[in-house]
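The values are calculated or read from the model by the stated rules, or taken from the named source; none is laboratory data. In this text, all values refer to a predicted model and were calculated from it rather than measured experimentally. Heads up, the Cβs are rebuilt from the backbone with ideal geometry, glycines too, and the neighbour counts pull from every protein chain shown.
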Amino acid sequence: MSDVLNLVRADLAGFGGYSSARTAKLSGDVWLNANEAAWANPGDEGGSCRRYPEPQPAALVTALAELYGAQASQVLVGRGSDEAIDLLVRSLCEPGRDGVLFTPPVFGMYAVSARLQGAKAIEVPLLDTDDGLVPDIEAVIAAAIAGKAKLVFLCSPSNPGGKSVPLADVVRVATALAGRALVVVDEAYGEFADEPSAVSLMGQYANIAVLRTLSKAHGLAAARIGTLIADAGLIAVLRRVQAPYPVPTPCSALALAGLSAQARALTAQRVVQIRDERVRLQDALAQLAVVSRVYPSDANFVLARFHDAEAAFQALLAAGIVVRDQRAAPQLGDALRITLGTPEQNDRVIATLCALKATA
């Protein structure tokens, strides 16, 4: 048994989960075992949605495993990364005893899932350095041990900080916490970064897991296809904990179409364009008197501090441009996060903030 399975809640060790009508590997031409409708809905002309879907669509699992450089047995598909985060917290953390560590300012679902499970939320703030917002690795390790963390989330590239966590730092955390915690590297924005995926470390470090999504670079946010890549034994446990039919058939079909060779080639071209636009927007913002700091970014967004963030936010809104107001986040009381759009959309952002400069 893999050592990482020792991190699973003891009461789930023999948990079988729900056995759905699609769980059993049966064959036949008349399917009357799931109480499904005998006829397709008029709105579903092809009848693709009359039957319950595969819990883990084999073709999609295979495609995602190939995309991320993993084995199919290491892959769990769910409704966005959110579901995988929730599954990990529920499956590993004993309420009131175990902790979940994360590094604010950061994606809010780590804290939400911890609270819903009654797990301790352990916060180790990012350090605001000349290189950007980066994790304090030694503090992460110390807090994880002291707080009995079962899960350590490292967002790489960080949202909204924008910086990747070097693989060497991931290794430091995983090594220090071997047998104590699962280190989950959230690579939702990994396609836009130079840092290699932490999947490359999993052969040597069983307590490393990786989150990926088709929502960002692949443009399939509404399909809600998230992937957890982890130890095969842990994936088997999580599949038993997961809801019976997590991947709707239309979403699976859309994801497969979006992962065709032609689609992936176009996505790669667009990632290059976004990276170019990132540099252009950063350079433009840095020239503006209304901007006090522009942070380095390895993602598809730029985080910037403003002398008057409210004025900047309202000016952009008045121009029909909606950006993310980060002022409620720790350490970011004067910051806005701007997602990279098309070149024309980015031009509108720059022009609007230039006009604000003229009236400031």
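Taking (1) modelled with pLDDT under 95; (2) more than 30 Å from Leu88 (Cβ to Cβ) in turn, Arg240 satisfies each apart from (2). Just give me the residues in the stretch 174-221 being of a type in the set (A, V, I, L, M, F, W, C) and part of a strand (DSSP E or B), in sequence order. Of everything in the stretch 174-221, those that are of a type in the set (A, V, I, L, M, F, W, C) and part of a strand (DSSP E or B) turn out to be Leu182, Val183, Val184, Val185, Ile208, Ala209, Val210, Leu211. Any residue at all in the stretch 315-322 that's at pLDDT 95 or above, surrounded by fewer than 16 Cβ atoms within 10 Å (Cβ to Cβ) and under 24 Å from the mean Cα position of the chain (by Cα)? Yes, some residue in the stretch 315-322 is at pLDDT 95 or above, surrounded by fewer than 16 Cβ atoms within 10 Å (Cβ to Cβ) and under 24 Å from the mean Cα position of the chain (by Cα). Ala299 fulfils the conditions (1) surrounded by 19 or more Cβ atoms within 10 Å (Cβ to Cβ); (2) closer than 18 Å to Asp347 by Cα except for a single criterion, (2).
Taking the stretch 1-53, which residues are of a type in the set (Ser, Thr, Tyr), farther than 30 Å from Gly179 by Cα and in contact with a helix residue (DSSP H, G or I) (Cβ under 9 Å, 6 or more places away or on another chain)? Spell out the reasoning first.
Narrowing the stretch 1-53 to residues of a type in the set (Ser, Thr, Tyr): 2, 18-20, 23, 27, 48, 52.
Now narrow it down to the ones that are farther than 30 Å from Gly179 by Cα: 19-20, 23, 27, 48, 52.
Within the stretch 1-53, Ser48, Tyr52 qualify.
Could we say that Ala312 is buried (at least 18 other Cβ atoms within 10 Å of the Cβ), of a type in the set (Gly, Ala, Ser) and more than 28 Å from Pro135 (Cα to Cα) here? So Ala312 passes the test.
Assess whether Ala111 counts as being within 23 Å of Asp82 (Cα to Cα), aliphatic (A, V, I, L, M) and over 19 Å from the mean Cα position of the chain (by Cα).
No; evaluated as a whole, the condition is false for this residue.
Residue check: Arg293 meets all listed conditions (1) surrounded by fewer than 20 Cβ atoms within 10 Å (Cβ to Cβ); (2) part of a loop (DSSP other than H, G, I, E, B) but one, namely (2).
With assigned to a loop (DSSP other than H, G, I, E, B) and among the hydrophobic types (A, V, I, L, M, F, W, C) as the only criterion, which of Ala243, Ala236 stands out? Outline the logic, then answer.
Details: Ala236 fails: assigned to a loop (DSSP other than H, G, I, E, B).
Answer to the selection: Ala243.
Identify, please: which residue in the stretch 159-201 is polar (S, T, N, Q) and in contact (Cβ under 8 Å) with a residue 60 or more places away in the chain and is, among those, surrounded by the most Cβ atoms within 10 Å (Cβ to Cβ)? Before you say what the answer is, go through the steps one by one.
Of all residues in the stretch 159-201, those polar (S, T, N, Q) come to 159, 164, 175, 197, 200.
Add one more test, that the residue is in contact (Cβ under 8 Å) with a residue 60 or more places away in the chain, and what stays is 159, 164, 197, 200.
Details: Asn159: 20, Ser164: 27, Ser197: 20, Ser200: 12.
Step by step, filter the stretch 159-201, then rank; the result is Ser164.
For the stretch 330-341, does any single residue satisfy the condition of being closer than 19 Å to Ser156 by Cα, touching a Pro at 6+ places or on another chain (Cβ under 7 Å) and surrounded by fewer than 18 Cβ atoms within 10 Å (Cβ to Cβ)? Checked against the condition, which is being closer than 19 Å to Ser156 by Cα, touching a Pro at 6+ places or on another chain (Cβ under 7 Å) and surrounded by fewer than 18 Cβ atoms within 10 Å (Cβ to Cβ), the stretch 330-341 yields at least one hit. From the list Ile338, Ile350, Ile321, the lone residue that is of a type in the set (A, V, I, L, M, F, W, C), touching a helix residue (DSSP H, G or I) at 6+ places or on another chain (Cβ under 7 Å) and in a loop (DSSP other than H, G, I, E, B) is Ile321. Counting the residues of the stretch 300-329 that are in contact (Cβ under 8 Å) with a residue 60 or more places away in the chain and of a type in the set (Phe, Trp, Tyr) gives 1. Among residues that are touching a strand residue (DSSP E or B) at 6+ places or on another chain (Cβ under 9 Å), free of Cβ contacts under 8 Å to residues at least 60 places away in the same chain and buried (at least 20 other Cβ atoms within 10 Å of the Cβ), Val152 is included.
From the list Gln282, Gln287, pick out the single residue that is surrounded by fewer than 14 Cβ atoms within 10 Å (Cβ to Cβ), in the same structural domain as Ala355 (by TED's automatic domain parsing) and without any contact (Cβ under 8 Å) to a residue 60 or more places away in the chain. Gln287 is the lone residue from the list that is surrounded by fewer than 14 Cβ atoms within 10 Å (Cβ to Cβ), in the same structural domain as Ala355 (by TED's automatic domain parsing) and without any contact (Cβ under 8 Å) to a residue 60 or more places away in the chain. Residues that are assigned to a loop (DSSP other than H, G, I, E, B) and among the small types (Gly, Ala, Ser) within the stretch 324-335 comprise Ala328, Ala329, Gly333, listed in sequence order.
Checked against the criteria, Leu254 does not count as in a loop (DSSP other than H, G, I, E, B) and modelled with pLDDT of 95 or more. When you scan the stretch 56-67, do you find a residue that is surrounded by fewer than 21 Cβ atoms within 10 Å (Cβ to Cβ) and under 30 Å from Glu138 (Cα atoms), even just one? Looking for residues that are surrounded by fewer than 21 Cβ atoms within 10 Å (Cβ to Cβ) and under 30 Å from Glu138 (Cα atoms), one finds none in the stretch 56-67, hence no. Every listed requirement among (1) in contact (Cβ under 8 Å) with a residue 40 or more places away in the chain; (2) more than 27 Å from Pro196 (Cβ to Cβ) is met by Ala111 save one, (1).
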